[in-house]
Amino acid sequence: MNIKNHPFFTKYRNFKYLLLFHLFVSLFIVISGLVGGYNNGGPLLGLKKPFENYIALSNPEKYLKSDFFVVDTAFIEETSGRKPSDTKSKYTVIRGNLLHSNIKKEIIWQGNNIYTFYKGRLALNNDNFNYVYTRKAKSIKVWRNKLNDALFVDNKKHMEDQKFNAVSHLYIQFSLLLLPIVLLILKKKSEV
């Protein structure tokens with residue numbers, strides 16, 4: 001039987017294709033979250049983290065604690081464009097540990113924020129001007145989530161980005177629950 005002639009796709013065909021596509025994308029993202037959580041110690045960690053981050057970012061006075069993060073390295077991850085000469089800064093990766101802890105952590109900060117940690121200046125080297133970077137900040141102020149020890153840079157935009165990230169993950173998880181129900185209802189209506 002051809003899929004175009006299937007009774008399910010007779011009415012609202014494009015809408016149903018969109019719902020099926022959304023279901024498969026949601027399923028892929030949730031499964032990758034489960035695998036990522038399994039690799040970090042428990043399969044539900046990948047699903048729990050967005051809930052905990054959203055709760056902490058919604059109630060910062062209750063769930064966020066001010067702390068200092070000792071920076072070991074900070075670098076920029078870049079993406080390449082269509083041409084090899086096109087490079088755009090994607091995000092800044094900060095590696096280090098909390099002030100009174102030896103556990104290594106990593107913070108990903110969207111955008112080019114390298115000048116928070118290093119200062120650059122032009123220097124003459126072999127008759128060429130090159131940028132030389134020297135370390136400026138040895139530690140930065142961060143907010144630590146009391147629920148799951150996630151770290152957030154003390155920056156309004158970074159906190160908003162992390163909250164949006166948590167909300168989008170929650171949307172994907174809830175849509176995975178609701179989309180099969182909607183598709184079953186549409187299937188029942190198409191049979192009548």
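The values are calculated or read from the model by the stated rules, or taken from the named source; none is laboratory data. Every value quoted in this text rests on a predicted model; they were computed, and no experiment measured them. So basically every Cβ, Gly included, is an ideal-geometry build from the backbone, and we count neighbours across all protein chains shown.
So here's what we get for this one:
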{"read-out": "Wholly enclosed helices (runs of 4 or more DSSP H) of region 11-85 bearing at least 1 residues under 17 Å from the mean Cα position of the chain (by Cα) and among the aromatic types (Phe, Trp, Tyr)", "value": "13-39, 45-58"}
{"read-out": "Any hit, region 113-135, residues being under 19 Å from the mean Cα position of the chain (by Cα) and modelled with pLDDT of 85 or more", "value": "no"}
{"read-out": "Close pairs from region 156-167: first touching a residue at least 24 places away in the same chain (Cβ under 8 Å) and closer than 14 Å to Pro60 by Cα, partner assigned to a helix (DSSP H, G or I) and among the polar types (S, T, N, Q), Cβ under 7 Å, at least 6 apart", "value": "Gln162/Asn53"}
